Amino acid sequence: MIRTILAIIYSAFWCGAAIIILLIKPNSSDYVLIQLAKKNWSTPMLKWIIGADIQVEFSPKALKLFKSNKGAVIMANHSSFLDIVACFVSSPTPIVYLAKASLRKVPLLGGANARVGTVFVNRGNKTSAFNAIKTLVKTVKSGRSVVVFPEGTRSKDGKLKPFKKGGFHLAVQASAPVLPVHINGTYKRLPPGNFSIKKLNYPIIVKYGDPIESNDVEELRNLTYDSISKLRG
């Protein structure tokens, strides 16, 4: 439980720092996402507070996509709050999230996310979903990648669940590739419903597969599901 308390305090500090910087310099979101979110917050927290090493594997095509500075829709499996940390640490470029609306209400965390470009959506609200996708289409077209957890919520047993269509509509409307990602090693450290972070003796592994492109939402969803399943091994 001590790790969890330290993680909360550490996160609150850097969220507060991000808000202050963005209030002073509103156009500094790239700096905040790379310097604060990646280098100052997520990387040290994963190493020293959570006590986990991380291994990141990129397919050659995924690495080429990142180097092109082209926006993509990053689709990852989701079984733990630590997945968010793993995405920040592993991504070589600034990323924002499509997140559930309840996150917006979390003190400091919600404010920091909103200011860097995270978009919040109310589950089951079609208007909210439409507006979120409309906003994120502009984000992706500007060259910034968006992380979507297509299962819609954390998997309670760590297994891959059916994908919802929202993120795939985003990819099609933005004419952007989907970048499939599989995250392993976060579930047993902090599964849903558990508030105590466990220290384990194996790393968190993040695998980036080949980008996937299609103008058909259903085909894109199926191809992405298959790709993440294969990355899982």
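Observations, loosely collected:
- Look at the alpha carbon pairs under 8 Å that are at least 6 residues apart: their mean separation over the length of the chain gives a relative contact order of 28 percent.
- Charge sum, other residues only, whose C-beta stays under 11 Å from PRO150's C-beta, Lys/Arg counted +1 and Asp/Glu -1: +3
- 10 Å binning of all Cα-Cα separations within segment 5-63, expressed as whole percents from 0 upward: 21, 41, 28, 11
- For segment 184-233 versus segment 21-61, the gap between their alpha-carbon centres in whole angstrom: 19
- Rounded, prolate or oblate (a/c below 1.5 giving rounded, otherwise prolate when a/b exceeds b/c) for the chain by Cα gyration tensor: rounded
- Greater than 19 Å apart at Cα, pairs in LYS64/LYS165; LYS67/LYS165; LYS100/LYS134; LYS47/LYS198: LYS64/LYS165; LYS67/LYS165
- The length gained on full extension between SER175 and ILE9, counted as 0.36 nm times the residue separation minus their Cα-Cα distance, comes to 55.8 nm.
- Computed over the chain, the per-residue total of -39500 (n - 2.57) for DSSP H runs of n ≥ 4 gives a 222 nm mean residue ellipticity of -12000 deg cm²/dmol, rounded to 500.
- From phi via Karplus (6.51, -1.76, 1.60), per-residue ³J(HN,Hα) for segment 199-210 in Hz, x at Gly/Pro: 8, 10, 9, 10, x, 8, 10, 10, 10, 9, x, 5
- Spacing of the modelled spin labels on SER68 and ASP30, each 7 Å from Cα toward Cβ, amounts to 1.9 nm.
- Virtual paramagnetic centre 7 Å along Cα→Cβ of MET1, amide N under 15 Å, in segment 163-206: 194-198
- At least 27 Å along the helix axis (C-alpha) and Kyte average at least 1.0, DSSP helices within the chain: 2-24
- Sequence-distant residues sharing a close amide H with GLY143 (under 5 Å, placed H): GLY71
- Packing-based ranking of 87-96, 51-60 yields 87-96, 51-60, ordered from highest to lowest mean Cβ neighbour count within 10 Å.
Bear in mind that the values in this text are calculations on the coordinates, not laboratory data. Just so it is clear, the structure is predicted and the values come from calculations on it, not from any experiment. We place every Cβ from the backbone using ideal geometry, glycine too, and count neighbours over all the protein chains shown.
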